[in-house]
Amino acid sequence: QHQLWEGVALTSRRSDTYHHGNLRQVLLDHAVDLARTGGPDAVVMRDVQRLAGVSNSAAYRHYADRGELLAAVTEHAQTLLADAMAARLDAVASRGSKAKRALARFRATGQGYLDFALAEPGLFRTAFAHNVSGDSGTADEPVRVPEHHPFQILIRCIDELIATGVLAADRRDGLDEAAWAAVHGLSTLLLDGPLSGLDDARRQLIIDRLLDVIADGLQ
C-alpha cells in the first residue's frame, strides 16, 4: 500500500540531474522523501543539499530558506492527498439515484482522506505543516486554496449533496469545516493518539462508524 502513494524512490535519483536544469525539482524530491520517512521535522536544508550533492549557495538559489522548501513539500503532500481522495471518488459506481451517488461520493472523500493518512503518515503530517498561501485569512475572507485541494474536493461533494436534495441548503453553513475536522481528527488519533495501536480491522470499523454517523446526520 505504501508504494501506491510513493513518488520517485531515493534509489532512482540521479546525482547528475541538476546539471540539466532540474535542481529545484531534485531538491523537492529529496525533501519529499525525507518528509515521507520523518514528517515535517525531517525536512532540513542541509540534508536535502547533501542528498542532492550540491552546495548551499546552489540550493538557496531555488529555495530561500527552510520555510520556502517546507511550503513546497506541504503543497506536494496536499496534492497527493487530494489525488487519493479523487481516486476514491472515481471508484464510486455510477448506478443508482443521483442522491445515493452523491452520498457515496461524500463518504468516499472521507475514506480516501483516511486511507492516505494511514498509508503515508509522514506526508500526511507534513500536508498541513506549513501555510502554503502565506495568508491565514479572516472571518470575512477565508484562506484561498487551489482547485485540486482536499478541502475543495470536499466542498464540491457537499455541493452535490445540496444539488441532489440530500442536504438542505440552510444546513450547509459550517458543515464543510465540521466534516473536514471529523476525518482529520480521526486520522490524527489513529496515527499519533490513543488509537494508534489498533489493528487494521478495528481501525476500519471505527472509520466506518464515523462515516456512518456523518451520513446519517446529513439525512
- Message: I'd like the FRET efficiency for V213 and R172, computed as 1/(1 + (r/R0)^6) with the beta carbon distance as r and R0 of 25 Å, rounded to 0.05.
- Response: 0.85
- Please give the contour-minus-distance gain from F128 to R101: 0.36 nm per residue of separation, less the Cα-Cα distance, rounded to one decimal in nm. 6.8 nm
- Task: Return the sequence-ordered ³J(HN,Hα) values of region 92-97 in whole Hz as given by the Karplus equation 6.51 cos²θ - 1.76 cosθ + 1.60 applied to θ = phi - 60°, using x for Gly and Pro.
- Result: 5, 5, 8, 6, x, 6
- Query: Within region 166-210, which trypsin sites (Lys or Arg not before Pro) sit in a loop by DSSP and count at most 16 neighbouring Cβ atoms inside 10 Å?
  - Reply: R172
- Item | Charge context of L114, other residues only, Cβ under 13 angstrom, K/R +1, D/E -1 | 0
- Task: Could you go through region 70-85 in sequence order and give the Karplus-derived ³J(HN,Hα) for each residue, using 6.51 cos²θ - 1.76 cosθ + 1.60 with θ = phi - 60°, rounded to whole Hz, and x for Gly and Pro?
- Result: 5, 4, 5, 5, 4, 4, 5, 5, 5, 5, 5, 5, 4, 4, 5, 5
- Expressed in nm to one decimal, what extension gain is obtained for the pair A86 and D159 from 0.36 nm per residue of sequence separation less their Cα-Cα distance? 24.7 nm
- Report the residues of region 174-196 in range of a label on R202: point 7 Å along Cα→C-beta, backbone N strictly under 20 Å from it. 185-196
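We did not get these values from a lab; they are worked out from the coordinates using the rules stated. In this text, all values refer to a predicted model and were calculated from it rather than measured experimentally. Ideal geometry is used to build each Cβ from the backbone, glycine not excepted, and the neighbour counts take in all protein chains shown.
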